[in-house]
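The block underneath contains the structure these notes are about, expressed in structure tokens.
A short reminder: the numbers here are calculations on the coordinates, not readings from a lab. All values reported here derive from a predicted model rather than from experimental measurement. Using ideal geometry, Cβ is built from the backbone for each residue, glycine included, and neighbour counts are taken over all protein chains shown.
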Ligand SMILES: NC(=O)c1ccc[n+]([C@@H]2O[C@H](COP(=O)([O-])OP(=O)(O)OC[C@H]3O[C@@H](n4cnc5c(N)ncnc54)[C@H](OP(=O)(O)O)[C@@H]3O)[C@@H](O)[C@H]2O)c1
């Protein structure tokens, strides 16, 4: 029973994502130092986790399972089968199990851990590492309303999270999972444009990144329609419409839409591969 009581959280895998989530949840007061533990086979990873979070990290996965209410499966997809096999006997219906592994389906988690497990599958993205993630999550059939509310609260403490049916998690991967790389490319291209018209590189990159950050914040803070925000800065015969015309000629919208579609397709392909390797 988790309820509104602060849960005991155990991370299986003490890598980058586990460290980022632990730090975010501690900072938000959603977990307490003495109620979080992680396991990792690698001494170096355990030490790094301890150093960055001040939390306990042990070698034995089952020690984490037996002392936690919420288990966060934070290993790479390739090592998930091994982890599930290791913890299968100690996981019970009292645990809420949250997997953040890309491409590992709820069905595969059920097969690995046994029936009647309370599962939630999450697809976060790299800005989670700085507390600004965009995540999609899909609860399994046995997850309770309380479980779902808890996961929603935890994920929203390190960014924004949206509940979706599992069949849409490949689309989340194609948009927000892979999206930071698209935006890095956009920022780099804007910076190149700035250099082309005479700006020093460091200033061009800072201007480009700050512009993307500011524009994104305006979208989120105002809630205004994107077309309205665009029209607000596009005066007749002005500079912005000249730039927008060039973007349209370059097919920037179609290119970004294609990027999301291609990455979604690839995510589904890779999920098939993970499934067949288990
Ligand atoms: N990084 C991201 O931006 C990102 C974004 C979205 C989703 N994810 C997902 O998050 C998951 C974790 O990613 P990450 O970047 O945090 O990976 P990571 O830094 O490699 O962390 C995974 C950790 O789990 C350990 N591990 C491996 N097998 C284990 C086992 N059987 N029992 C316990 N621990 C084990 C690994 O140790 P070894 O080094 O010894 O293998 C490693 O320290 C991945 O599934 C990834 O798909 C990551």
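What's the extension gain from residue 42 to residue 182 if we count 0.36 nm per residue and subtract their Cα-Cα distance? The partial results should precede the final answer.
Details: separation 140, 0.36 × 140 = 50.40 nm, distance 3.24 nm.
Additional length available on full extension: 47.2 nm.
So, R0 is 51 Å and r is the distance between the beta-carbons of residue 50 and residue 195; what FRET efficiency does that work out to, to 0.05? Before the final figure, lay out the partial values.
Working: r = 43 Å, r/R0 = 0.84.
Efficiency at R0 = 51 Å is approximately 0.75.
Here the spin labels are modelled as points 7 Å beyond Cα on the Cα-Cβ line, and at residue 58 and residue 141 they lie 3.3 nm apart.
Semi-axes of the equivalent ellipsoid for the range 1-153, please: Cα gyration tensor eigenvalues, times 5, square-rooted, ordered largest first, whole Å.
Details: eigenvalues 83, 62, 49 Å².
The answer is 20, 18, 16 Å, longest axis first.
Working note: Debye formula, equal point scatterers on the alpha-carbon atoms of the range 159-278, no solvent; log10 I(q)/I(0) at q = 0.18 Å⁻¹ is -1.17. Restricting the calculation to alpha carbons of the range 94-164 gives Rg and Dmax of 11.9, 35 angstrom. Using equal-weight Cα scatterers in the Debye expression, the normalised intensity of the chain in log10 at q = 0.10, 0.14, 0.15, 0.17 Å⁻¹ is -0.60, -1.02, -1.12, -1.33. Rounded to the nearest 10 degrees, the angle from helix 145-156 to the longest Cα principal axis of the chain is 50 degrees.
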